[in-house]
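**Q** Once you've had a glance at the structure underneath, I'll fire off some questions.
The values are calculated or read from the model by the stated rules, or taken from the named source; none is laboratory data. Small disclaimer: the values here were computed from a predicted structure and weren't measured. Reconstructed Cβ throughout: ideal geometry from the backbone, glycine too, with neighbour counts over all protein chains shown. With ligands, DNA and RNA removed, areas are computed over all heavy atoms of the protein, side chains included. Shrake-Rupley method; radii C 1.70, N 1.55, O 1.52, S 1.80 Å.
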Amino acid sequence: MVLAIFNIKLLKFFKSRLFQKMENDDFLNNGEEAIFIHFSSVGEFNLTKELISEILEEKKTGKKEKVILSVMTNTGFEAVSKEYSENGNVRIFYFPLDDFLAIRKIYKKYKIKKTIVIETEIWPNLYYFAAKNGELFIANGRLTEKKLKSYLKFGWIIKKTINRAKKIMVQSISDKERYERLGVQRDKIKVYKNLKYSIKYNKISEIQKKEYYDTVVDKNKKIIVCGSTRLDEEKIWLDILKKIDTNNEYQLIIAPRHLKRISDIEKMILERYSRDDYSLFTKINKNKKNDKITKYKKIVIVDKMGILTDFYQLADFVFVGGTLVDIGGHSILEPLYYGKKPIIGKYFQNIEEIVKDAKELGFVKIVENEDEIVEYLKKFENIDTREFFEKNNEISKILDEILY
C-alpha cells in the first residue's frame, strides 16, 4: 500500500513536469523576446525576487520585459504562483526535468534571449538550448567541495556543459576557484555578493507586535530566540537557560529547523523543567477574554512554519542554528536585517562569506562554548545594519552583466 501511494505521487510529479501546457498563448507580442529564469525551491525564489522585480521593470530602458519562471519543487511553484499568477508579463512553469523534447519545446515556442540559472544546477539540455538560442548566465553561483568532487567524476561532459554559460557570477573567491578546477574558463567567472543581501524581509505591524506581547512574548523579560535549531542545539540552550535564568528574567523561544523533532525537544525540556514551564506556540490560548489564558511561558516551542522572522524582530538575543553542531549554519541575514546581532557557533562553513562580511563590522558573535554564550547574554547590543545591506547589495552589478 505504501509503495502504491509512493508510485502515485511519483507519477503525479513526473506528469506535472513533463506534460504541462507550454503554449505561447499570445504571451509575446511581435518582436518581443523573453527572459527565462530557473531556480529550484522557495528559498531560491525568495533570494531572486528583487532580481525578478528589477528585470520586469527594466528601469534603465523603461521597457517592460517578459519573464518565464521555471521552478522544481511544488512548494516553490505555489510560492511563485501566489506572487506572479496575475502578472501578464510572467509565465510560470514546472521545470521539465531537463527532458530534451520538453526543453526544446519551450525554446521553440518562446523567443528566449537570455537564460538565468540561480545558484548551481547543471542541466545539460537546458544549458544546450539556452546557449544555442541566446545567452546563458549563472547567478549567485555556489559550488561546494563535495559537489565539485561529484562533478569531476563526469569530467569533460560537465566541463563542456558549464562552459556554455556566457557569465558565471559566484558568491565567493572559493567558489570561483572551484569553478576553475572544474574547467571553466577564467574570464567567464566573476565574484559578486550573495543575492540574499537584496531580499526585503517582511516587517510585522504594531498590531501584530501587540498580539505577540499580549499572548506569547513577555516584553518584561530578555527574549532569546533560537532559530533553525538542529539536533543537540536545543539541549545546549536549555542548559544555558538553567545557568543564566537565576532571577527569572529570560524567556527562551525555540524554533527548530524540522518540526518533526518537536516531541524530542519536549522530552529535553521535561528533563530540566516542569510541564507548566513551556508551551507549544500553537497551544497558547489567544483568547484574551479567557481568565485561564496560557501565556508568558518560560520556554516556547515554535511549532508553526513561516513565523520565525516575527520572533527575530521581537528578540533581544538571536541564535542561528546549525552552527553549534557540524551542519554548516543557516542564514544570519534575517536577524541582521532586523538589527539583531546573531550568535553562532564555530560551524558556519555554509555561510562563510556572509559571516566574514558581518564579522568585519562586529555584527556577529561567534562562540566556542556555553560559558561564552552565558557571558554574552549578560550584555545587550543594538546594531544599525542598514549600511551593511546597502554596501553588500550588488544586484545592480549582476543585472548589468545580464542585461547590457
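**Q** For residue 77, indicate whether it is modelled with pLDDT of 90 or more and crowded, with 18+ Cβ neighbours inside 10 Å. Before the answer, list the steps.
**A** On the way: modelled with pLDDT of 90 or more: yes; crowded, with 18+ Cβ neighbours inside 10 Å: yes.
Taking the combined requirement at face value, the residue satisfies it.
**Q** Which condition breaks for residue 155 when tested against (1) at pLDDT below 95; (2) in contact with a Leu (Cβ under 9 Å, 6 or more places away or on another chain); (3) on the phi > 0 side of the Ramachandran plot?
**A** Evaluating residue 155 over (1) at pLDDT below 95; (2) in contact with a Leu (Cβ under 9 Å, 6 or more places away or on another chain); (3) on the phi > 0 side of the Ramachandran plot leaves (2) as the failure.
**Q** Scan segment 83-95 residue by residue and report those that are under 15 Å from residue 115 (Cα atoms) and open to solvent by less than 40 Å² (accessible area, probe 1.4 Å).
**A** Correct list: 90, 92, 93, 95.
**Q** Being touching a residue at least 40 places away in the same chain (Cβ under 8 Å) and open to solvent by less than 40 Å² (accessible area, probe 1.4 Å), is that true of even one residue in segment 152-164? Before the answer, list the steps.
**A** First pass over segment 152-164, keeping only residues touching a residue at least 40 places away in the same chain (Cβ under 8 Å): 162.
Adding the requirement that they be open to solvent by less than 40 Å² (accessible area, probe 1.4 Å) leaves 162.
Yes, that holds for at least one residue.
**Q** Continuing with this model, one more query. Take the conditions exposed (fewer than 14 other Cβ atoms within 10 Å of the Cβ), among the hydroxyl-bearing types (Ser, Thr, Tyr) and outside any loop (DSSP other than H, G, I, E, B) and apply them to residue 263. Does it pass?
**A** Spelling it out, residue 263 is indeed exposed (fewer than 14 other Cβ atoms within 10 Å of the Cβ), among the hydroxyl-bearing types (Ser, Thr, Tyr) and outside any loop (DSSP other than H, G, I, E, B).
**Q** Between a residue in segment 386-402 that is free of Cβ contacts under 8 Å to residues at least 60 places away in the same chain and any residue that is open to solvent by 70 Å² or more (accessible area, probe 1.4 Å) and assigned to a loop (DSSP other than H, G, I, E, B), which pairs come within a Cβ distance under 7 Å, given they are 6 or more apart or on different chains?
**A** Between residues of segment 386-402 that are free of Cβ contacts under 8 Å to residues at least 60 places away in the same chain and residues that are open to solvent by 70 Å² or more (accessible area, probe 1.4 Å) and assigned to a loop (DSSP other than H, G, I, E, B), the close pairs are 388/361.
**Q** Are there any helices (runs of 4 or more DSSP H) wholly within segment 309-389 with 3 or more residues that are at pLDDT 95 or above, closer than 18 Å to residue 243 by Cβ and more than 21 Å from the chain's Cα centre (by Cα), and if so which?
**A** 370-377
**Q** Evaluate the following for residue 235: is it over 25 Å from residue 381 (Cβ atoms), modelled with pLDDT of 95 or more and assigned to a strand (DSSP E or B)?
**A** When the stated conditions are applied, residue 235 does not pass them.
**Q** For segment 169-214, what are the residues that are open to solvent by 70 Å² or more (accessible area, probe 1.4 Å) and in a helix (DSSP H, G or I)?
**A** Of everything in segment 169-214, those that are open to solvent by 70 Å² or more (accessible area, probe 1.4 Å) and in a helix (DSSP H, G or I) turn out to be 173, 177, 181, 186, 187, 206, 207, 208, 210.
**Q** State whether one or more residues within segment 252-259 are in contact with a helix residue (DSSP H, G or I) (Cβ under 8 Å, 6 or more places away or on another chain) and open to solvent by 20 Å² or more (accessible area, probe 1.4 Å).
**A** Within segment 252-259, not a single residue is in contact with a helix residue (DSSP H, G or I) (Cβ under 8 Å, 6 or more places away or on another chain) and open to solvent by 20 Å² or more (accessible area, probe 1.4 Å).
**Q** Follow-up. For residue 143, all conditions in the list (1) at pLDDT below 95; (2) under 30 Å from residue 391 (Cβ atoms); (3) surrounded by fewer than 19 Cβ atoms within 10 Å (Cβ to Cβ) hold save one; what is the number of the exception?
**A** (3)
**Q** Report, by residue number, each residue of segment 157-188 that is among the hydroxyl-bearing types (Ser, Thr, Tyr) and closer than 22 Å to residue 113 by Cβ.
**A** Once the filter is applied, which keeps residues that are among the hydroxyl-bearing types (Ser, Thr, Tyr) and closer than 22 Å to residue 113 by Cβ, segment 157-188 yields only 161.
**Q** Moving on to the next point. Could you please tell me which pairs satisfy a Cβ distance under 8 Å, a separation of 6+ or placement on different chains, a first residue in segment 1-30 that is closer than 23 Å to residue 89 by Cβ, and a second residue that is open to solvent by 100 Å² or more (accessible area, probe 1.4 Å) and at pLDDT 85 or above?
**A** Pairs that qualify, where the first residue is closer than 23 Å to residue 89 by Cβ and the partner is open to solvent by 100 Å² or more (accessible area, probe 1.4 Å) and at pLDDT 85 or above, are 28/111.
**Q** Another one. Just checking, does segment 115-123 include any residue being over 18 Å from residue 32 (Cβ atoms), at pLDDT 95 or above and not aromatic (Phe, Trp, Tyr)?
**A** Scanning segment 115-123, I find at least one residue that is over 18 Å from residue 32 (Cβ atoms), at pLDDT 95 or above and not aromatic (Phe, Trp, Tyr), so the answer is yes.
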